[in-house]
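FYI, it's all coordinate maths here, none of it is from the lab. The shown structure was predicted, so the numbers you read here are calculated from the model rather than taken from an experiment. Quick reminder, even Gly has a Cβ in these numbers, built from the backbone with ideal geometry, and neighbours come from all protein chains shown.
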């Protein structure tokens, strides 16, 4: 499972960090050692976003495991309709 967290650090102060959202990318246990598929769930976070639960969902099919995790995150955003 890959978890991507988005935080706001007001004036660069980590001690005042606020959660803006998260993305969970979970291997669905199908595929091969070279390729696999993932389920994606994106959620808003923090009291300022007011939307509990999953905001967007998607499915990544036949992702090449040899690619960078940044490619995985970009593809997860794309399959959820965020460009």
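The modelled label-to-label distance between residue 70 and residue 83, using points 7 Å beyond Cα along the C-beta direction, is 2.1 nm.
The spread of Cα positions in segment 13-83, taken along each principal axis and listed from longest to shortest, comes to 42, 25, 23 Å. What angle, in degrees between 0 and 90 and rounded to the nearest 10, separates the Cα long axis of helix 69-79 from the longest principal axis of the Cα atoms of the chain? Result, in degrees: 90. If you run the Gaussian network model on the chain, springs between alpha carbon atoms under 10 Å, then out of 12, 58, 31 the most flexible one is 12.
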